[in-house]
Every structure is written in structure tokens, then in C-alpha cells.
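Chemist: Here you go, one structure.
The values are calculated or read from the model by the stated rules, or taken from the named source; none is laboratory data. Note that the structure is a prediction, hence the values are computed from the model and not measured. Using ideal geometry, Cβ is built from the backbone for each residue, glycine included, and neighbour counts are taken over all protein chains shown.
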Amino acid sequence: MIIQPKIRGFICTTAHPLGCAQHVREEIDYVKQQPKIEGPKRVLVIGASTGYGLSSRIASSFMFGAATIGVFFEKPASENKTGTAGWYNSLAFEEEAHKAGLYAKSINGDAFSDAIKEETIALIKEELQQVDMVVYSVASPRRTHPKTGETFTSVLKPVGQAYSSKTVNIQTGAVSMIDLEPATEDEISQTINVMGGEDWTLWIEALNDAGVLAEGVVTLAYSYIGPELTKPVYRNGTIGRAKDDLEATAHRLTEYLVEKQGKAYVSINKGLVTQSSSAIPVVPLYISLLYKVMKEKGLHEGCIEQITRLFSEKLYGDHQPVLDEHGYVRLDDWEMREDVQQEVKALWEQVTSENFEQIADHEGYRNDFLRLFGFAYDHVDYEQDVDPMQV
């Protein structure tokens, strides 16, 4: 079939197998150009198929030479329907890892479930014995609790009071105002249950109880703080409450792992185009302006650049972990520079539908969004008749 992007709202319902493979190869090529450093040799990535999780798996493999197990929940292709981008990404990654002589196996299923935790533990015991690093990078709009069976659904709303701000339709470039009502206490609680730190804790406890965490194990999760511009809907909103819980979990897990001399870290990353960030009101407009400023200053990074800098300059290498006063790794340091934020704020005050194309990086945002699904790559022929089950 001829596979073209079919965009509905903030998601694309198709994915291109050759484009996804190109995406994976480009990230691998970037890592291969970086100096190899000593790091963990047996890595479990939970949420390994897209975004920061995929980049973590790629960097672990090709920077450290690590054996990796990836856990994710993706839909395979059928004869008349494409698989999800993460499914294609993971198949492409495994192929490239095996070509390089690296161990790589994947488990496709609900990471929130006890069954997938048990399957993962069994694979570790059988083939790796233990893991030295556990990356937790799960993004989902809902979660079914493995013990109670209750299903929670997250919302993206402000907390405490209504909020009105600019936003953009990224497909058309139309800038408009959006009014958001505050979340209820139940919506706040449900969002924390989906996106907070409980499942990370359940994973680490299950792995530890099974004896598959190595001495000195490091576990890592990703978060975001962002600027004043997005604070009402992000950091002070429901998702921010969930991130507060995730970040507090890191401190609790470090205490839990003390006998293993283990550590839990949260890396505060920069704003990027992801499937998750595309869904948050106001944020796509901010990121479009941020890209413009950071690219002009030569400061822009994508997922793989962020993760390689995290591993080489912040966590591993010949130095102690580089942490802020709260114990967080800060990869948003370039985004939050005063000169960057001042310029973004100035553009924010000016931006309208009429000048959006000129003062924002609309093309960069749109291309990054399409590339999440394997589109907009220069070296892929999108008029080619492709078998959706081809990998």
C-alpha cells in the first residue's frame, strides 16, 4: 500500500515502516559518532519504543555496548493496516542491534500489569541474570491498577482556577485563545495514578524481590518543569501534580535501594515534540517558539542528543553524577537559560495567526511531529508501494 500520514487531532493513525527504520538508524548513527564511555552493561527500558525511552535504549546499546530488554505496548501491523510507530521502531532497533552483535529482546504488553512484570523478570533471570540500570519512560493516557483492577484516566487541566491563554492549531498555524476549566479533585487523583510514580515503584519492588537488580543499580525516570508561560497548564496543572509524585518517588526509591547501594534519579528534560506534548494545550505554541530561538542560538537538541548528553556528561563517565540542589539531573539547562526564555517570551507576546509562520518554527515542529510516525524523512520514497508488515 501507499502509506501516507493520516492525522486526527494530535495523533497520526498511520506509521511508515521505512521511515521509522530511518529514524532509528539516524539515532544510532548519532550515538556512534560520540565517544564510547563506561556504563551499565545490562539495561531494562520500560517504555522503550518511542521518544526518550527509545533513545535511552539506543544510547545504552551503542554508547555502553549494553544488552537491553525493552518493554512497550504497541500494535503490530496487519496486511491492510500499519502497525504503530513504536512497533516499527522496536523491530528496526532489534535488527540494528543484532547486526552490531548486541543482545536485544523486547516484550510487548501492558507495562502496568503484573503479568508483564513477571514475564520481564523471567527473561532477565534466564538470559541476563540481573540488570544494572532500569529506565522508566512510560507515557499513557490511562492505567489499570494491577491489584485493584480500577482503571484511571488522566486529564490535562489547570488546578485551582480556570486558565485562559494562547494556543495554536499546529496543522493550520492558526493562533487562538483557549479557556480551560480547573480539574476536579478526582481528576487530579486519577492523573497522578496514571502518570505519577506508583508504577515505577511497583516495577522496582518486583525486580528487587525477584533478585534481578544488580549491586549499585541505577534507575531513572524522565520529567519536565518548563517555563512560566506554560506553568498554569503544565507544572501547576494536573500533569505537574503527577510529575511532583514521580519526582518524590525517586527519593523514596533511593532510600529503598540503599542496601544495594542503588540510586534513583529523575532527569528534567527539555521541551520537545512528542506524542504526549502534542496533546497538551498551549505547549505546542511554546515549543514552536522555543525551537526557533534555540536553533538560532545553536542550542537545539532532540531526544537522542539529550540522552547522550545525560549519559556522558551528567550520569556516567569519569565524574560523579551532576545534580541540582533538589537532587535532579537538569537537561533543561539550555532551555531555561535567561536569554532563551526572554526571547521566547517576547515572541509569545507578539505571535498571531498572521505572523506565526515568520516568528515560530512551524516547519520544524510539524516535521518533528511527522517523524514521530516515520514521515518527513528525506531519504524515504513515500510514493513507494510498501508492505505494512515489512520491517
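Chemist: Any idea which residue in region 52-71 is farthest from residue 268 (Cα to Cα), counting only those that are part of a helix (DSSP H, G or I), hydroxyl-bearing (Ser, Thr, Tyr) and touching a helix residue (DSSP H, G or I) at 6+ places or on another chain (Cβ under 6 Å)?
Modeler: 61
The rows are residues; the columns are (1) more than 19 Å from the chain's Cα centre (by Cα); (2) part of a helix (DSSP H, G or I).
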site: 226; (1), (2): no, no
site: 234; (1), (2): no, no
site: 239; (1), (2): no, yes
site: 251; (1), (2): yes, yes
site: 265; (1), (2): no, no
site: 271; (1), (2): no, no
site: 278; (1), (2): no, yes
site: 298; (1), (2): yes, no
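Chemist: Check off (1) crowded, with 19+ Cβ neighbours inside 10 Å; (2) under 20 Å from the mean Cα position of the chain (by Cα); (3) under 21 Å from residue 276 (Cβ atoms) for residue 82 and give me the number that stays unchecked.
Modeler: The failed condition is (2).
Chemist: Which residues, counting only those in region 333-383, are surrounded by 18 or more Cβ atoms within 10 Å (Cβ to Cβ) and in a loop (DSSP other than H, G, I, E, B)?
Modeler: Of everything in region 333-383, those that are surrounded by 18 or more Cβ atoms within 10 Å (Cβ to Cβ) and in a loop (DSSP other than H, G, I, E, B) turn out to be 335, 351, 360, 361, 372, 373, 374, 375, 376, 377, 380.
Chemist: Show the residue pairs meeting these rules: Cβ distance below 8 Å; 6+ apart or different chains; first residue within region 57-81 and at positive phi; second residue modelled with pLDDT under 95.
Modeler: The qualifying pairs are 65/36.
Chemist: Which one of these is within 23 Å of the chain's Cα centre (by Cα), over 16 Å from residue 293 (Cβ atoms) and modelled with pLDDT under 95: 362, 326, 379?
Modeler: Criteria check complete, one pass: 326.
Chemist: Can you spot a residue in region 269-282 that is farther than 26 Å from residue 206 by Cα and among the charged types (D, E, K, R)?
Modeler: Checked against the condition, which is being farther than 26 Å from residue 206 by Cα and among the charged types (D, E, K, R), region 269-282 yields at least one hit.
Chemist: Further question: Might you let me know whether region 222-229 holds any residue that is surrounded by 18 or more Cβ atoms within 10 Å (Cβ to Cβ), aromatic (Phe, Trp, Tyr) and either modelled with pLDDT of 95 or more or within 24 Å of residue 311 (Cβ to Cβ) (or both)?
Modeler: yes
Chemist: (1) buried (at least 21 other Cβ atoms within 10 Å of the Cβ); (2) in contact with a Phe, Trp or Tyr (Cβ under 9 Å, 6 or more places away or on another chain): which one isn't true of residue 235, the others all being true?
Modeler: For residue 235, the exception is condition (1).
Chemist: Does residue 38 qualify as being of a type outside the set (Gly, Ala, Ser), under 23 Å from residue 369 (Cβ atoms), surrounded by fewer than 17 Cβ atoms within 10 Å (Cβ to Cβ) and out of contact with any His (no Cβ under 7 Å at 6 or more places or on another chain)?
Modeler: In short, no.
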